[in-house]
Amino acid sequence: MNTYKAPLRDMRFALFDVIQAEALYARLGIEAAQRDVLDAALEEAARFNETVLAPLNTVGDREGCQFDKASGAVKTPSGFKEAYQQFVEGGWAGITARAELGGMDLPESFGVLMKEMIDAANLAWGNYPLLSHGATEALKHHGEPWQQEVFLKAIVEGRWTGTMCLTEPHCGSDLGLLKTRAEPLADGKYAITGTKIFITGGEHDLAENIVHLVLARLPDAPAGTKGISLFIVPKVKVERDGTVGERNAVRCGSIEHKMGIHGSVTCVMNFDGAEGYLIGQPNRGLAAMFTMMNTARLAVGIQGLGLIDRAFQNALRYSRERLQMRALSGAKEPSKPADPIIVHPDVRRMLLTSKALAEGGRLLAYHAATLVDVLERSQDEGERKAADELLGYLTPIVKACLTEWSVECTYNSLQCFGGHGYVAEWGMEQLARDARITTIYEGTTQIQALDLLGRKVMQLQGAGLKQFLGMVQRFCEQQIENAALAEFVAPLAALAKEYADLTLAIGKKAAANPEEIGAASVDYLFYSGYLALAYWWAKAVATAEAGDYPAEFKAMKRETARFYFQRLLPRTRLHKAGIEAGAASLMGLDAALFDS
């Protein structure tokens, strides 16, 4: 009963019309990114996701992954392996990889559209290629030429997949505590020994080999995060010339039994002297791993976006069909025994919340992805530096806000179904369960908030923040005389000024008490997200009004933006109050008194 239809019209409007990606692609010299090619790829991607992946979403949830303790093997749910084969045959595994590596050489920001479809169609299945993309980024930026030739090409082709092996049972997010060891061998390889937990795709039956990227310590490594190195450890041994050998000494010890994403396997991985190769410089592994993590954080934000949209689509269809009670202002469909529930104001509130956050969040995420294109392909060093700064600022906002909003919106969409939403047959409770993990993995919301306020704003003196505020200011100045946008431009300009003032105030308080950063960080993160969406909604209305679009489309954009500004943007009042309350009320109670 739970279906998915790729929102191609709004995807095209966001990427090509509002963000104007075609002009960017031409300026960056991305020859493969011709509009006819991109449109054809979108149509085929939609077909694959709607007809192949989406029907497997319920299958994956009900079957889960099967673990054979004796062999350490994992069997994915029915249809997952065949879907992965179709994915590989279609060339989707290398959609954004360079042509010399066997990829399609399409922009990262275009690949995000495919990723949104995958995550909406089947989030659990999508975790397998997600980690491969992260491994591709790490190898592309930090791998030696032979490592790229041997490992990277196979991952781009889809014959092999990749993982990120970071944390350990005692670590959590504090990677400075990790204990996995790497002992140098005589042939230039390393013997990796240790246990890693929460490893997505650590073992499965989709591909011929799995390339684990593992954080470990060399014998002479300094303590803490400064003593971490990164290693390639394949499931099946691979020599420097690409020769594949016997099974390596790495094994899945168990798989987790989770609240959601049952079709995505999460493994405990045991390395017992497994052979591997060093990536990059010794003791610089965390920097290389952050290349993967930052890519993955944007990708998880896209997961939140996909879940919002799928849940909204199903709730909207149900709300149009479900008859219950009459509208308070009188019967809207008197020929029927009751009106459809979409006539009721609070059902509309729930639906419009999802619609506003999905379409605004789409612009936010797609724009961040275009910065990756600039960073990867621009020949202008200054432009790359600026893109890096703005991307660094936006990444925690995209990751945390879109995932937190996915929890809210899948809840709202389930609520539209009433009791039917709580039973498995309608598929809504699965979306709500699946959404919950997105706020946790690849750095919790709290970690993203500390990264945004503590590092990107305070430590780096707000380089990316200043760029963002500059974007807002330029837009407001351009539209100041546009009466049709007055209801959006005036409050946007006022909030941008307030945001800048709040940032300065936090900095002053933190100078006297560092706890103020932690106390303000989550509220600051959400204020940032709501302000960013206000900018993009105002820009979407401006684009729609100035373009040759049907009157119904223009009205839809304007009314949704009006809802956002009047109903969701005022949440900044709550977050402002939280920021200004400071650390005192959080830190005043002695830890020993919490249970008294």
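The values are calculated or read from the model by the stated rules, or taken from the named source; none is laboratory data. Here the structure is a predicted model, which means the values were calculated and not measured. Note that each Cβ is placed from the backbone with ideal geometry, even for glycine, and that neighbours are counted across all protein chains shown.
Summary table below
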quantity: Listing of helices (runs of 4 or more DSSP H) fully contained in region 499-585 that carry 3 or more residues being within 22 Å of GLY464 (Cβ to Cβ) and either in contact with a Cys (Cβ under 6 Å, 6 or more places away or on another chain) or charged (D, E, K, R) (or both); calculated: 515-546
quantity: Residues (touching a residue at least 24 places away in the same chain (Cβ under 8 Å) and of a type in the set (Asp, Glu)) located in region 171-214; calculated: GLU183, GLU203, ASP205, GLU208
quantity: Number of the exception - LEU15 against (1) assigned to a loop (DSSP other than H, G, I, E, B); (2) surrounded by 22 or more Cβ atoms within 10 Å (Cβ to Cβ); calculated: (1)
quantity: Cβ-Cβ under 9 Å pairs, at least 6 apart or on other chains, region 240-262 side loosely packed, with under 14 Cβ neighbours inside 10 Å, far side small (Gly, Ala, Ser); calculated: GLY242/ALA154; HIS257/GLY64
quantity: Spans of strands (runs of 3 or more DSSP E) in region 175-231 with at least 1 residues surrounded by fewer than 24 Cβ atoms within 10 Å (Cβ to Cβ) and of a type in the set (Asp, Glu); calculated: 181-184
quantity: Residue in region 304-318 that is crowded, with 21+ Cβ neighbours inside 10 Å, in contact with a strand residue (DSSP E or B) (Cβ under 9 Å, 6 or more places away or on another chain), within 27 Å of PHE80 (Cβ to Cβ) and not basic (Lys, Arg) present; calculated: no
quantity: In region 89-103, residue nearest to LEU206 (Cα to Cα) [restricted to those that are of a type in the set (A, V, I, L, M) and more than 22 Å from the chain's Cα centre (by Cα)]; calculated: LEU101
quantity: Meets criteria (in contact with a Phe, Trp or Tyr (Cβ under 6 Å, 6 or more places away or on another chain) and not assigned by TED's automatic domain parsing to the domain that holds SER264) for ALA97; calculated: no
quantity: Residue in region 190-210 that is modelled with pLDDT under 95, out of contact with any Phe, Trp or Tyr (no Cβ under 7 Å at 6 or more places or on another chain) and within 16 Å of LYS237 (Cα to Cα) present; calculated: no
quantity: Tally of residues being over 30 Å from GLN430 (Cβ atoms) and of a type outside the set (D, E, K, R) across region 1-49; calculated: 18
quantity: Qualifying residue in region 353-364 (condition: closer than 24 Å to LEU15 by Cα, buried (at least 24 other Cβ atoms within 10 Å of the Cβ) and among the polar types (S, T, N, Q)); calculated: yes
quantity: Test: GLU481 is in a helix (DSSP H, G or I), without any contact (Cβ under 8 Å) to a residue 40 or more places away in the chain and surrounded by fewer than 21 Cβ atoms within 10 Å (Cβ to Cβ); calculated: no
quantity: Number of the exception - GLU275 against (1) out of contact with any Lys or Arg (no Cβ under 8 Å at 6 or more places or on another chain); (2) part of a strand (DSSP E or B); calculated: (1)
quantity: Condition met for LEU123 (assigned to a loop (DSSP other than H, G, I, E, B), of a type outside the set (S, T, N, Q) and under 21 Å from the mean Cα position of the chain (by Cα)); calculated: no
quantity: Residue count for region 25-55, restricted to those that are surrounded by fewer than 18 Cβ atoms within 10 Å (Cβ to Cβ) and assigned to a loop (DSSP other than H, G, I, E, B); calculated: 5
quantity: Complete set of residues in region 154-174 that are surrounded by fewer than 20 Cβ atoms within 10 Å (Cβ to Cβ) and either outside any loop (DSSP other than H, G, I, E, B) or among the basic types (Lys, Arg) (or both); calculated: GLU157, ARG159
quantity: Criterion: more than 30 Å from VAL398 (Cα to Cα) and hydrophobic (A, V, I, L, M, F, W, C) - qualifying residue of VAL236, VAL214, VAL265; calculated: VAL236
quantity: Qualifying residue in region 64-84 (condition: of a type outside the set (Ser, Thr, Tyr), assigned to a helix (DSSP H, G or I), touching a residue at least 60 places away in the same chain (Cβ under 8 Å) and surrounded by fewer than 19 Cβ atoms within 10 Å (Cβ to Cβ)); calculated: yes
